[in-house]
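I have placed the structure first, in the form of structure tokens, so that the comments after it can refer back to it.
Please treat every number below as a calculation from the coordinates, not as lab data. What you see is a predicted model, and the numbers here were worked out from it, not measured in a lab.
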Amino acid sequence: MKLRATQIPDKEIFRNIFVDHWDPFKGGGHPTYDKPQYEEPVQKMLGCGKESSGYKVRI
């Protein structure tokens, strides 16, 4: 079952846009953005809050 846009938290919508479009964006006429200074923060954003990337538990 796919969630409607109103049921997905905003950060997940933003993350999904990057997951779907970041690589095609870089390869499709925007090679300026295919550099570590852009890739590193994008990958950090995509991994944020994911258990596989580490996370902090507030006690």
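For Asp10 and His30 in one chain, what is 0.36 nm times their gap in residues minus the Cα-Cα distance, to one decimal in nm? Walk me through the intermediate numbers first.
Values: separation 20, 0.36 × 20 = 7.20 nm, distance 2.57 nm.
Computed gain between Asp10 and His30 is 4.6 nm.
On a straight-distance basis, which aspartates and glutamates could pair with Lys50 in a cross-link, Cα separation under 14 angstrom, same-chain partners fewer than 8 positions away excluded?
Partners found: Glu12.
Tell me, in nm to one decimal, what length is gained between Val42 and Asp20 on full extension, where the rule is 0.36 nm per residue of separation less the Cα-Cα distance? List each step's numbers first, then the result.
Working: separation 22, 0.36 × 22 = 7.92 nm, distance 1.26 nm.
Stretched out fully, the Val42 to Asp20 stretch lengthens by 6.7 nm.
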